[in-house]
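Can you keep this structure in mind? I'll have questions shortly.
The values are calculated or read from the model by the stated rules, or taken from the named source; none is laboratory data. Quick caveat, the model's predicted, so the values are computed rather than measured. Because the Cβ atoms are built from the backbone with ideal geometry, glycine has one as well, and the counts that use them run over all protein chains shown.
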Amino acid sequence: MKFSFSFSNCFSPSSPPEVDRSSSSGQETGGNTSEKFQVFSYKELKIATDSFHPSNKIGEGGFGSVYKGQLRDGTTVAVKVLSVEIESMRGEREFVSELSALTDIKHENLVTLQGCCVEGASRFLVYDYMENNSLAQTLLGAKQNRMEFGWEARRGISLGVGRGLAYLHEEVQPHIIHRDIKAANILLDQNLAPKISDFGLSKLFVDSRSHISTRVAGTLGYLAPEYALSGRLTRKSDVYSFGVLLLEIISGHSVVEYDLEHGEHYLVEKAWEMYTDNKLLQLVDPTLKDFPEEEAIQFLKVGLLCVQEISGLRPRMSAAVKMLTNEINVNDVHISQPGLLSDLTAVKIGHRRSFPTISSKASTSTSTQSANTNPSLTGSSGPLNMDAVLFDVKSESHR
Ligand SMILES: Nc1ncnc2c1ncn2[C@@H]1O[C@H](COP(=O)(O)OP(=O)(O)OP(=O)(O)O)[C@@H](O)[C@H]1O
Ligand SMILES: [Mg+2]
């Protein structure tokens, strides 16, 4: 389901702060630039994860496997093993420096990066461990993994993700475009507070061509059409993905579902049909019992507004949040045709190409959603890749 990655700069051009790397265990770095960013030794992470024992594996994504671990001081962490060819990664010093800079980006709705480890060609990222896994697993996953989410929880998660994204887009300087907002990248802590994960990781990879060029990266279904079709990346691409996520949270359906009887269902398409038939309420997850109907419809409308086909018609993230909190009345805004996934699948996405830079495990995530079972989307022998498209990040405007 996931397009292959080639990482480059998803930030506006910036100079990372210099960070001295120490090989000693648990060494904090960064002085004023980073609070408590640690460079762990491989031995420490090995002990923490019981030698990366399979029973500690909590997930697998496009970068590699993620393990639960316990540090010597008792802190539980998630260790992401980057299964990426060394040539595509930044050098050791730069790698640590970029990560250290990311540690400065703090918000209650962003996962905290604790540190990293560099051991020869191997790289590891150490994050706060999130007890309730990802939305992909707990809300949209297989029935046995699903949790009950009431209206309050869904409202809190939607708002939290919106605020985290608005922070990345509008408060962090230079701003960050996430590029891969999806249910698997929304982690939930013990109180079901949402934490956006994997922001800024593209900074860790070398782009041999230019620091302003990049390639299409992201997950099919969440990709804004203009980004998937032409590679034009703007903050509005993230807004599109957020809209899809919002529709998923309120409906309890994955962006693409497939069953033998009905074939593929595209959530965005379904939401648009129901909106035009004035039946949006029927899209709300039937497992929700007592919920404020008007507010649920309002959230679905904001979702639809975020997935407008024309990127300029999508709100900025801060405006989307205000629509969720009623500071802006979504009913005052005209909703027109959304960008549809079915249009996207018409694109020639069959050009499969194994990026040398990243392991091709992208489609084998344990948090795989039902959409991944769609043979027309996954191809016959591996993850779907899209031909790379170059574009200029500098031309990004926030319309
Ligand atoms: N900090 C964390 N705490 C708890 N679980 C985590 C944490 N980070 C990742 N996970 C789990 O590991 C899974 C894999 O994460 P990973 O980021 O490697 O892949 P992904 O999100 O599925 O896809 P992508 O590679 O596009 O991000 C997540 O879906 C989640 O279930
Ligand atoms: Mg992830």
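Could you count how many residues in segment 63-93 are more than 16 Å from PHE40 (Cα to Cα) and in contact (Cβ under 8 Å) with a residue 60 or more places away in the chain?
Final tally of qualifying residues: 9.
Could you count how many residues in segment 64-81 are outside any loop (DSSP other than H, G, I, E, B) and more than 16 Å from ligand 2 (Cβ to nearest atom)?
Let us first name the residues in segment 64-81 that are outside any loop (DSSP other than H, G, I, E, B), namely 65-70, 76-81.
Going one step further and asking which of them are more than 16 Å from ligand 2 (Cβ to nearest atom), we end up with 69-70, 76.
The total comes to 3.
Ok, one more. Quick one: ARG314 ticks every box in (1) within 19 Å of GLY252 (Cα to Cα); (2) out of contact with any Asp or Glu (no Cβ under 7 Å at 6 or more places or on another chain) bar one, so which box is it?
(1)
Given the residues SER158, SER88, SER100, which is the only one that is more than 10 Å from ligand 1 (Cβ to nearest atom) and closer than 17 Å to SER251 by Cα?
Numbers: SER88 fails: closer than 17 Å to SER251 by Cα; SER100 fails: closer than 17 Å to SER251 by Cα.
Criteria check complete, one pass: SER158.
If we scan segment 164-177, do we find a residue that is more than 15 Å from the chain's Cα centre (by Cα), in a loop (DSSP other than H, G, I, E, B), within 16 Å of ligand 2 (Cβ to nearest atom) and surrounded by 20 or more Cβ atoms within 10 Å (Cβ to Cβ)?
Scanning segment 164-177, I find no residue that is more than 15 Å from the chain's Cα centre (by Cα), in a loop (DSSP other than H, G, I, E, B), within 16 Å of ligand 2 (Cβ to nearest atom) and surrounded by 20 or more Cβ atoms within 10 Å (Cβ to Cβ), so the answer is no.
Another one. Based on what the data block shows, is ASN185 within 16 Å of ligand 1 (Cβ to nearest atom) and surrounded by fewer than 22 Cβ atoms within 10 Å (Cβ to Cβ)?
Details: within 16 Å of ligand 1 (Cβ to nearest atom): yes; surrounded by fewer than 22 Cβ atoms within 10 Å (Cβ to Cβ): no.
When the stated conditions are applied, ASN185 does not pass them.
Okay, moving on. Determine, yes or no, whether THR287 is crowded, with 19+ Cβ neighbours inside 10 Å and outside the structural domain of GLY91 (by TED's automatic domain parsing). Before the answer, list the steps.
Details: crowded, with 19+ Cβ neighbours inside 10 Å: no; outside the structural domain of GLY91 (by TED's automatic domain parsing): yes.
No: the conditions fail for THR287.
Moving to a separate point now. Of the residues ALA121, ALA166, only one is out of contact with any Phe, Trp or Tyr (no Cβ under 8 Å at 6 or more places or on another chain), more than 11 Å from ligand 1 (Cβ to nearest atom) and in the same structural domain as GLY64 (by TED's automatic domain parsing); which? Please lay out each step first, then the result.
Details: ALA166 fails: in the same structural domain as GLY64 (by TED's automatic domain parsing).
That would be ALA121, the only listed residue that is out of contact with any Phe, Trp or Tyr (no Cβ under 8 Å at 6 or more places or on another chain), more than 11 Å from ligand 1 (Cβ to nearest atom) and in the same structural domain as GLY64 (by TED's automatic domain parsing).
Something else now. Just give me the residues in segment 130-156 being touching a Lys or Arg at 6+ places or on another chain (Cβ under 9 Å), buried (at least 20 other Cβ atoms within 10 Å of the Cβ) and assigned to a loop (DSSP other than H, G, I, E, B), in sequence order.
Scanning segment 130-156 gives MET130, LEU139, LEU140.
Among HIS253, HIS265, which is the only one that is assigned by TED's automatic domain parsing to the domain that holds PRO315, over 15 Å from the mean Cα position of the chain (by Cα) and more than 21 Å from ASP180 (Cβ to Cβ)?
On the way: HIS253 fails: more than 21 Å from ASP180 (Cβ to Cβ).
Sole residue among the options that is assigned by TED's automatic domain parsing to the domain that holds PRO315, over 15 Å from the mean Cα position of the chain (by Cα) and more than 21 Å from ASP180 (Cβ to Cβ): HIS265.
Does GLN308 fit the bill of being within 29 Å of MET147 (Cα to Cα) and either buried (at least 17 other Cβ atoms within 10 Å of the Cβ) or modelled with pLDDT under 90 (or both)?
Details: within 29 Å of MET147 (Cα to Cα): no; either buried (at least 17 other Cβ atoms within 10 Å of the Cβ) or modelled with pLDDT under 90 (or both): yes.
The answer is no for GLN308.
Also: Do we have any residue at all in segment 130-139 that's modelled with pLDDT under 95, farther than 21 Å from ASP238 by Cβ and more than 16 Å from ligand 2 (Cβ to nearest atom)?
Looking through segment 130-139, none of the residues is modelled with pLDDT under 95, farther than 21 Å from ASP238 by Cβ and more than 16 Å from ligand 2 (Cβ to nearest atom).
Here's a follow-up. From the set of residues in segment 186-203 that are touching a residue at least 12 places away in the same chain (Cβ under 8 Å) and more than 15 Å from ligand 2 (Cβ to nearest atom), which is nearest to PHE242 (Cα to Cα)?
We begin by selecting, within segment 186-203, every residue touching a residue at least 12 places away in the same chain (Cβ under 8 Å); these are 186-190, 192-203.
Then keep just the ones that are more than 15 Å from ligand 2 (Cβ to nearest atom); that gives 189-190, 192-193, 203.
Details: ASP189: 19, GLN190: 23, LEU192: 18, ALA193: 16, LYS203: 22 Å.
Ranking the qualifying residues of segment 186-203, first place goes to ALA193.
Sticking with this structure for a sec: Tally the residues that are assigned to a helix (DSSP H, G or I) and not hydroxyl-bearing (Ser, Thr, Tyr), restricting the search to segment 274-320.
Going through segment 274-320, the residues assigned to a helix (DSSP H, G or I) turn out to be 274-276, 280-283, 293-306, 311-313, 317-320.
Narrowing further to those that are not hydroxyl-bearing (Ser, Thr, Tyr): 274, 280-283, 293-306, 312-313, 317, 319-320.
Adding up the residues that qualify gives 24.
Right, here's the next one. Sort out which residues of segment 42-71 are out of contact with any strand residue (DSSP E or B) (no Cβ under 7 Å at 6 or more places or on another chain) and away from ligand 1 (no atom under 13 Å from the Cβ), and write them in order of number.
Of everything in segment 42-71, those that are out of contact with any strand residue (DSSP E or B) (no Cβ under 7 Å at 6 or more places or on another chain) and away from ligand 1 (no atom under 13 Å from the Cβ) turn out to be LYS43, GLU44, LYS46, ILE47, ASP50, SER51, HIS53, PRO54, SER55.
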